Amino acid sequence: MTSSCNGTLFVVTGPSGAGKSTVISKYLTENKDVFFSVSATTRSQRIHEQNGVDYYFIKRSEFEKMLSEDKFLEHAEYVGNLYGTPSEPVFDAINKGHDVILQIEVTGALSVRKKCPDAVLIFIVPPSFSALELRLKGRGTEPDEIIRKRLEKAKTEYKAADLFDFIVVNSDVENGANELKTIIDAEKLKTKKRRNFIEV
Ligand code: 5GP
C-alpha cells in the first residue's frame, strides 16, 4: 500500500450518532472515484437501508462461516451484533489505485491499523456529547435501552480518539464532508505518493 500507484485506505470511525454515514455519503456524492466498502452485519435491516448498499445483512451462521474462511479484513461485535469488512473488494480497489473508505467502529479501526500500517484513521465527532445524545434519540431507529448502550459505548470510544490521525467535527454535514475532503486531498500530496515528481 505504500507505492504511488496504489490507493489509500481511509478508516472512518466515531461513536454511533456522530453522523459518519451522512458525512461519508455527502463526500461520496461529490467524489465519485473513491470506493466505499460495504460491511457485512448480523444486525437487522432498518427501514431506509438497502441490502448490498448500506450493508450486506446476513445471518450469524453465515458471518461465522466467512470468519472461519478468513474473508474479513477486520470484524467486531457491537452492541450484540457482528460487523465485518469483506477484505477482497477493499484490496482489489486499492490495488487498482482507488482510495477506499471504511466506516467502522473503534476496535475494528485499530485492528486495521495493525494489518495496514499505512491506513489513515479518522475519528468523527459531533460538536458535543449532548449533541450526540440528541441525535441518537432524534433518529428514532432504536429503543431506549439500545440508545443507552450506544451512549455508554461512545464514552469508551472517545477514550481511543488519541490513537487516530485526524478528528473531523461534524457540526453540520457540509463542514464534516469538507473536513474529510481536506484530509483525503492532503494524503494525495504526501511525498510517498508524489515520488515520481522527484527526478534528480
Ligand atoms: P450501525 O448499527 O449503527 O449501522 O453500526 C454500529 C457501529 O458498527 C457503527 O459504529 C459502525 O461504524 C460500525 N460498523 C459498521 N460496519 C462495520 C464493520 O465492518 N466493522 C466494524 N468493526 N464496525 C462496523
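Could you pull out the residue among 92, 99, 118 that is charged (D, E, K, R), modelled with pLDDT under 95 and within 19 Å of the chain's Cα centre (by Cα)?
118
Scan the range 26-53 residue by residue and report those that are farther than 17 Å from residue 90 by Cβ, touching a strand residue (DSSP E or B) at 6+ places or on another chain (Cβ under 9 Å) and not basic (Lys, Arg).
At the first step, the residues of the range 26-53 found to be farther than 17 Å from residue 90 by Cβ are 26-27, 29-32, 42-51.
From the residues that got through so far, the ones that are touching a strand residue (DSSP E or B) at 6+ places or on another chain (Cβ under 9 Å) too are 27, 42-45, 49, 51.
Answer for the range 26-53, where residues must be farther than 17 Å from residue 90 by Cβ, touching a strand residue (DSSP E or B) at 6+ places or on another chain (Cβ under 9 Å) and not basic (Lys, Arg): 27, 42, 44, 45, 49, 51.
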Given the conditions (1) assigned to a helix (DSSP H, G or I); (2) open to solvent by less than 10 Å² (accessible area, probe 1.4 Å); (3) closer than 30 Å to residue 64 by Cα, report the number of the one that residue 153 does not fulfil.
-> (2)
Those residues of the range 97-138 which are within 15 Å of the ligand (Cβ to nearest atom), in contact with a Gly (Cβ under 7 Å, 6 or more places away or on another chain) and more than 19 Å from residue 169 (Cα to Cα), in sequence order | 100
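Looking at the range 54-85, which of the residues that are open to solvent by 20 Å² or more (accessible area, probe 1.4 Å) and in a strand (DSSP E or B) is nearest to residue 9 (Cα to Cα)?
The extreme case among them is 75.
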Provide a single number: the residues in the range 168-192 that are surrounded by 14 or more Cβ atoms within 10 Å (Cβ to Cβ) and either farther than 15 Å from residue 17 by Cα or within 15 Å of the ligand (Cβ to nearest atom) (or both).
-> 12
Pull up the range 17-48, narrow it to residues that are of a type in the set (D, E, K, R) and not in a helix (DSSP H, G or I), then point me to the one that is most open to solvent (accessible area, probe 1.4 Å).
-> 32
Number of the exception - residue 16 against (1) modelled with pLDDT of 95 or more; (2) out of contact with any Cys (no Cβ under 7 Å at 6 or more places or on another chain) | (1)
Within the range 79-96, the residues that are away from the ligand (no atom under 12 Å from the Cβ) and in contact with an Asp or Glu (Cβ under 9 Å, 6 or more places away or on another chain) are 93
Given the structure, is residue 131 of a type in the set (A, V, I, L, M, F, W, C) and modelled with pLDDT of 95 or more?
-> no
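The values are calculated or read from the model by the stated rules, or taken from the named source; none is laboratory data. Note that this is a predicted model, so its numbers are computed, not measured. Note: ideal-geometry Cβ built from the backbone for every residue, glycine included; neighbour counts use all protein chains shown. Protein only, heavy atoms only, side chains kept; ligands, DNA and RNA dropped before computing areas. Shrake-Rupley method; radii C 1.70, N 1.55, O 1.52, S 1.80 Å.
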